[in-house]
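Every number in this text was worked out from the coordinates using simple rules, so none of it is lab data. This structure is a prediction, so every number in the text was calculated from the model and none was measured. So basically every Cβ, Gly included, is an ideal-geometry build from the backbone, and we count neighbours across all protein chains shown.
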There are 2 protein chains.
Amino acid sequence: MWHDEVMSPTVRRPQRRNQVLSRDQIVEVAVDILDTGGESALTLRAVTERLATGSGAIYYRVGTRDELLDAATEAVITAVLMSHVGGKSDTPSDAITGVALALFDAIADHRWLATRLTIQIVRHPLGQVTVSIFEAIGRHIQALGVPQTSWFDATSTVVHYILGAVSQHARVGGGATEGGPDRQEFLDVTAAAWRELPPERYPFMHSIVDQMRTHQDRQQFRAGITIILTGLPRTR
Amino acid sequence: MWHDEVMSPTVRRPQRRNQVLSRDQIVEVAVDILDTGGESALTLRAVTERLATGSGAIYYRVGTRDELLDAATEAVITAVLMSHVGGKSDTPSDAITGVALALFDAIADHRWLATRLTIQIVRHPLGQVTVSIFEAIGRHIQALGVPQTSWFDATSTVVHYILGAVSQHARVGGGATEGGPDRQEFLDVTAAAWRELPPERYPFMHSIVDQMRTHQDRQQFRAGITIILTGLPRTR
DNA sequence: ACCTGAACACCGTTCAAGT
DNA sequence: ACCTGAACACCGTTCAAGT
């Protein structure tokens, strides 16, 4: 039982890291903490405890807590987009929808990501994260037959739609269990609340309450992509 | 000099409020602090100092700091949408564009709003703020000739686009001075950075760098609205 | 009913000191 | 060069006490 500790003291270093701390390790742990406990769980103390290090080490490798959050966001987004370079046999429309759905699913898997993506974009509107997403979408905008003068506007529209849509669905879906009972209960409660709204001030809400109660997030998200792709200018 | 204080002691209460604190007052002060110093400036201590009260009063009238932020968001959004009920002579397309631009401008005036709008929507995806925006847009979707079965999807698409687009432009524009030198400098720096990207990995970014450098935020935002309205299904 | 404000627990960040 | 961790300043929240 206790032999191990005594007989091979060089193999086991029970308390502290014996390797240099890497930036990637820190970011990886951060993502894990965020996935488990949400943004409020990511305290510097939680990170240093998991890594058995001091707070200064995080500052040395990454920077402030905010920069750690940005790094985690960039890591997740980059990984998602990386895994979507293949599959070239699709039509341009399918390819765009594929990238969009990959981002959609990433937000479902990492609920903290919706908020952080917005913050990232507010602060670095044309930074690495935006660049990656633009490139992944824009590539296929070209192939779609959109005239060159409209490439930037067209790609912006698709990307902005994805970012906005993804925020709203971050909570409704609630992970992989798309049709779970929690979701339907939530929709029912919301439908009831909408029916309580004064009809003369909110006629439209009353007219869509049934559609809202029965809608599917993923399907609605795709419908939006289709609407935008349909509206893009084409050269033919 | 000192007469006033002595002669009319009931008129002047020098140190403390003599009126009851209202929820609206608190929210108003919160918005003002946010506009001046951003989200980080909104501390409970800053609010209580401005109102010459104690922290408990805020909790009694509003709740936590987060609820205060939500209340500020709701107040601003509601005010913006309220001021857009008139002008019925527009075409439905113009009306939708008008609401969209009003929200766009609101974000420019209240830079903290982009982030907070996302957080609000992540936490209360179908709450009051979403309801107000949906109603303001949805009304005109009907008039546009979109078949009833698509009303919810169509409105969602427009709203999600607005929310996403507005986030990215929160910083680039930087308030009312749309064409300020700061902005052009920022675009030039970004363009230079994009040109440094490896062309084989980012061919698309290289192809749009000039468009990005010369684009106008507001115009691009409108272009997106137009694309979506064009793509909506119509009964005719 | 409404407000006060001291007290508490917790947090991000720094930096002199170590190796 | 890289890491440690005590110390600091600051923050949101609570709650017994007041009016």
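List of remarks:
- Restricting region A:59-139 to trypsin sites (Lys or Arg not before Pro) in coil, as DSSP defines it, with at most 13 other Cβ within 10 Å: A:K88
- Cα gyration tensor category, rounded, prolate or oblate, for region A:41-94 with a/c compared to 1.5: prolate
- Given charges at Cβ of Lys, Arg, Asp, Glu: region B:77-138 dipole, positive-most of B:I96, B:H124, B:V80: B:H124
- Using C-alpha pairs below 8 Å separated by at least 6 residues, the relative contact order for chain A is 18 percent.
- What you get for the protein assembly as shown, charging only the Cβ of Lys and Arg (+1) and of Asp and Glu (-1), is a dipole of about 40 debye around the Cα centre.
- Set of region B:120-141 residues, backbone N closer than 11 Å to the point 7 Å along the Cα-Cβ line of B:A102: B:133, B:136-137
- The length gained on full extension between B:L197 and B:S55, counted as 0.36 nm times the residue separation minus their Cα-Cα distance, comes to 46.1 nm.
- Under 17 Å from the B:T226 label point (7 Å along Cα→beta-carbon), backbone N, region B:96-116: B:96-101
- Among the helices of chain B, those built from whole DSSP H runs whose Cα atoms reach 30 Å or more along their own axis and whose mean Kyte-Doolittle hydropathy is at least -0.5 are B:151-172.
- Fewest-first ordering of A:H169, A:H160, B:H124 by other beta carbons within 10 Å of each residue's beta carbon gives B:H124, A:H169, A:H160.
- Taken about its Cα centre, chain B carries a charge dipole of about 460 debye when Lys and Arg each add +1 at the Cβ and Asp and Glu each add -1 at the Cβ.
- Averaged over the residues of B:129-139, the number of partner chain Cβ atoms lying within 10 Å of the residue Cβ comes to 4.
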